[in-house]
Amino acid sequence: MIPPGKVAKYFFDRFPEIRPSTNGWYDFTCPFCGAFKGAAQFEEDRVKCWRGCFSGDSRHFVAELEQVTLAQAWKILIQVEGEIYIEAATYKSRIPKLK
């Protein structure tokens, strides 16, 4: 399993407009359709576009985005320098916080 902090770092490095949404999701511009409809949930390793361009885990997302195999996508994610730790959203706050 790829640490959620490395996946988060990958997304924060490549999508500067990424921002917290609700229920642990982070929104960003989808690289496939260009709309601000991309979303990632790092703790559950889910990535999707609300327009339907993509739905899957981070490894499949990276493979499609970078046009590489799944093994190469795993290597890209595992070799990310550093990590970003994200405090999970609670039901009360509904918005995740960066640590």
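The values are calculated or read from the model by the stated rules, or taken from the named source; none is laboratory data. Model, not experiment: these values are computed from the prediction. We place every Cβ from the backbone using ideal geometry, glycine too, and count neighbours over all the protein chains shown. Note: areas computed on protein heavy atoms with side chains; ligands, DNA, RNA excluded. Shrake-Rupley method; radii C 1.70, N 1.55, O 1.52, S 1.80 Å.
Does Phe36 fit the bill of being over 23 Å from Tyr85 (Cα atoms) and either acidic (Asp, Glu) or open to solvent by 60 Å² or more (accessible area, probe 1.4 Å) (or both)? Yes: the conditions hold for Phe36. Quick one: would you say Leu65 is of a type in the set (A, V, I, L, M), at pLDDT 95 or above, in contact with a Pro (Cβ under 8 Å, 6 or more places away or on another chain) and surrounded by fewer than 19 Cβ atoms within 10 Å (Cβ to Cβ)? Yes: the conditions hold for Leu65. Selection of the range 29-45 for residues being out of contact with any Gly (no Cβ under 8 Å at 6 or more places or on another chain) and either of a type in the set (Lys, Arg) or under 17 Å from Val7 (Cβ atoms) (or both) yields Lys37, Gly38, Ala39, Ala40, Asp45.
Per-residue answers, yes or no, for (1) at positive phi; (2) under 9 Å from the mean Cα position of the chain (by Cα):
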site	(1), (2)
Ala8	no, yes
Pro20	no, no
Asn23	yes, no
Gly52	yes, no
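Check whether at least one residue in the range 42-50 is buried (at least 16 other Cβ atoms within 10 Å of the Cβ) and part of a helix (DSSP H, G or I), and report yes or no. No: the range 42-50 contains no residue that is buried (at least 16 other Cβ atoms within 10 Å of the Cβ) and part of a helix (DSSP H, G or I).
For the range 1-21, name all the residues that are farther than 19 Å from Gln79 by Cβ and in a loop (DSSP other than H, G, I, E, B).
Step one: filter the range 1-21 for residues farther than 19 Å from Gln79 by Cβ, giving 16-21.
Within the range 1-21, Pro16, Glu17, Ile18, Ser21 meet the criteria.
When the residues of the range 51-83 are filtered to those that are outside any loop (DSSP other than H, G, I, E, B) and among the polar types (S, T, N, Q), the one that is farthest from Cys30 (Cα to Cα) is Gln72.
Annotation: Asp27 fulfils all but one of (1) part of a strand (DSSP E or B); (2) surrounded by fewer than 18 Cβ atoms within 10 Å (Cβ to Cβ); (3) not aliphatic (A, V, I, L, M); the unmet one is (2).
Only residues that are under 24 Å from Pro16 (Cβ atoms) and either loosely packed, with under 11 Cβ neighbours inside 10 Å or at pLDDT 90 or above (or both) were counted across the range 85-99, and they come to 1.
I'd like the full set of residues that are of a type in the set (S, T, N, Q) and modelled with pLDDT of 95 or more, limited to the range 1-40.
Matches in the range 1-40: Thr29 only.
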